[in-house]
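The values are calculated or read from the model by the stated rules, or taken from the named source; none is laboratory data. Being a predicted model, the structure only gives us computed values, none of them experimental. Methodologically, a virtual Cβ is constructed for each residue, glycine included, from the backbone with ideal geometry; neighbour enumeration extends over all protein chains shown.
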Amino acid sequence: MLVSSSHIPYWLQVLLTEKFYNACIIHEEAKKNEKNVYCLDCCISLCPHCLPPHRSHRLLQIRRYVYHDVIRLDDAGKLFDCTAVQSYTTNSAKVVFLNQRPQTRNFRGSGNFCSTCDRSLQDPYQYCSLSCKINYLLRTTGGLSGYLYECNYLPLPDSDDGLMTPDSVLEPAGSNRTSSGSGGFGGVDCRTLACTATTEIVRKKRSGGSAYRPACRPACSPVSEISASLMNRRKGTPQRAPLY
Ligand SMILES: [Zn+2]
Ligand SMILES: [Zn+2]
Ligand SMILES: [Zn+2]
């Protein structure tokens, strides 16, 4: 599959030739024994039950997309220059294929094609997979120098799915409570003022011009009293559960 293996580091050779998602022979009897993790330090594929002794090693999660092995673009980019390799989005993660996929038809029309296997690609991309880019580099430059990155730390992303959910739930709930509280108070205050103003006008009409001045003071002071009592009531019950 690869043009030459002499210029490819061993971990990369194995990564691109290993068959993932087969059942682990060591853990044949166990559930979830698909080999979906690659250890870059030991250059072997692992099932979840094989993981404990490798926890401190650099581990690469292998995923499946349309029945083929993919890795997250984030992970791939730490190991290899993925420029111009077509990426796909699956489960809100960008992924790249490890290897080229068999094609049903090999027609060449106008458009954009993989520089190695002629697969039709979206516009700015030049390679359908990591191995097609590696093959191309070996054919044209004879090596991968400058395209491989030194990566000393590559943990499995097992916790990030679990962390994202509570965070995204908590934030809107907190801001919601704050805004509905202040909004509610503001609403009450406005309505109280409008009501007082109406009363004032009515009184003014009924009692005539002479009653205008005294009517103003009583109309004004109750408003501030009401506001104050409302504010106190609000302040007294901050522990109230937010409405859902
Ligand atoms: Zn290992
Ligand atoms: Zn295993
Ligand atoms: Zn290709």
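Residues in the range 95-105: is at least one more than 9 Å from ligand 3 (Cβ to nearest atom), closer than 30 Å to Pro155 by Cα, within 22 Å of the chain's Cα centre (by Cα) and free of Cβ contacts under 8 Å to residues at least 24 places away in the same chain?
The answer is no, given that none of the residues of the range 95-105 is more than 9 Å from ligand 3 (Cβ to nearest atom), closer than 30 Å to Pro155 by Cα, within 22 Å of the chain's Cα centre (by Cα) and free of Cβ contacts under 8 Å to residues at least 24 places away in the same chain.
Would you please list the contacts, defined by Cβ atoms under 8 Å and residues six or more apart or on different chains, that run from a residue in the range 128-139 that is under 21 Å from Lys94 (Cβ atoms) to a residue that is within 16 Å of ligand 1 (Cβ to nearest atom) and part of a helix (DSSP H, G or I)?
Final answer for the pair search is Ile134/Leu12.
Filter the range 1-24 down to the residues that are exposed (fewer than 15 other Cβ atoms within 10 Å of the Cβ) and under 20 Å from Arg64 (Cβ atoms), then identify the one that is modelled with the lowest pLDDT.
Met1
For the range 48-74, which residues satisfy the criterion of being out of contact with any strand residue (DSSP E or B) (no Cβ under 6 Å at 6 or more places or on another chain), surrounded by 17 or more Cβ atoms within 10 Å (Cβ to Cβ) and not in a strand (DSSP E or B)?
Pro48, Cys50, Arg58
For the range 31-47, enumerate the residues that are part of a loop (DSSP other than H, G, I, E, B) and either modelled with pLDDT under 95 or more than 9 Å from ligand 1 (Cβ to nearest atom) (or both).
Lys31, Lys32, Asn33, Lys35, Asn36, Cys47
Hey, does the range 78-89 have a residue that's among the polar types (S, T, N, Q), assigned to a strand (DSSP E or B) and away from ligand 1 (no atom under 16 Å from the Cβ)?
The answer is yes; a qualifying residue exists.
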